[in-house]
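Comments concern the structure below.
Just so you know, all these numbers are worked out from the coordinates, no wet-lab data involved. Everything numeric in this text was worked out from a predicted model, so none of it was measured.
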Amino acid sequence: MGRISRVEVVANLASGGVGKDAATEIEKILADHGLTAHVCAPETRDLTNCLRAAVDAGPDLLVTLAGDGTARAAAELCGPHGPLLATLPGGTMNMLPRALYGTRSWQDALNVALSEGERRTIGGGEVEGNTFLVAAVLGSPALWGAAREAARYHEPILALARARRALRRAFTGRLRYAFDGGVADKAEALVFMCPLVSRVMADEEAALEAAALDVRGAADAFRLGINALVRDWRDDPAVESRHARSTRVWAASRIPALLDGELVRLHSAAEVVYRPAVARMLAIPKDT
């Protein structure tokens with residue numbers, strides 16, 4: 001794995017899967033491996049300053065204990081030539097940590113990563129300078145992510161207002177898209193899965209799993225939801241799925257997008273591309 005001496009840690013204590021004693025636990029685990037670290041554990045939702053300060057410190061390893069959105073921000077700041085990154089499961093979905101460490105607790109994941117981990121360059125997607133390592137959702141369904149975030153931070157009035165807005169936008173703003181320079185088509189939403197988490201792609205595949213959701217109303221949405229529960233959602237007739245290295249997307253107005261759980265606003269025309277090297281991760285061997 002190579003020598004690690006300087007370690008920075010950013011932990012979101014407000015996240016449900018972390019716990020108030022997480023900072024002390026991390027320090028103990030690192031000490032057991034002969035390492036000391038500077039730990040930043042803010043009690044607010046804004047981790048940006050902590051992440052930037054941690055990366056600017058130039059550590060050999062940056063450890064995040066938070067959700068996929070924080071992992072995405074950390075990977076974006078580190079880049080393929082910055083600090084090695086370990087993203088521990090401390091959020092709701094934890095899709096990226098599951099892909100790297102399996103279903104282990106964050107404590108076990110850190111222990112195994114430090115004792116058996118290997119450096120692995122991870123590919124992912126990029127749109128308008130924003131990277132994602134797990135998945136991106138473009139179109140009106142992405143607006144539900146803002147409602148979810150407000151609910152998670154116990155802001156019911158804001159959550160309700162955002163939910164109503166998402167409902168008003170549903171089935172009203174269709175996207176146009178073209179996979180890899182092909183024929184243009186329309187869809188209600190587009191979903192992009194990175195190779196690391198896609199169930200139908202190899203980790204080494206140099207493309208994104210791209211799916212166009214042609215959901216025209218509540219009945220289609222209900223059917224798609226049922227199919228997602230009982231079988232592979234890719235088999236639903238409302239879904240066109242393929243592998244794509246580059247996808248042009250355009251609409252009549254700005255495009256809402258959910259990147260690894262974080263809502264961003266894209267311009268009315270954007271391009272989603274695969275990047276082979278987004279960040280360097282401390283991962284465990286695949287057969288461990």
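The table that follows gives values for the structure above.
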{"quantity": "Placed amide H near His243: partners under 5 Å, 5+ positions off or other chain", "calculated": "Ala210"}
{"quantity": "Gyration tensor verdict on region 1-113 (Cα atoms; rounded if a/c is under 1.5, prolate if a/b is larger than b/c, oblate otherwise)", "calculated": "rounded"}
{"quantity": "Residues whose placed amide H lies under 5 Å from that of Val134, excluding near-sequence neighbours", "calculated": "Asp260"}
{"quantity": "Karplus 3J(HN,Hα) series, Hz, for region 252-258 with 6.51 cos²θ - 1.76 cosθ + 1.60 (x for Gly, Pro)", "calculated": "6, 9, 4, 9, x, 9, 10"}
{"quantity": "Under 26 Å from Lys28, Cα to Cα: lysines that are on another chain or at least 8 residues apart", "calculated": "Lys20"}
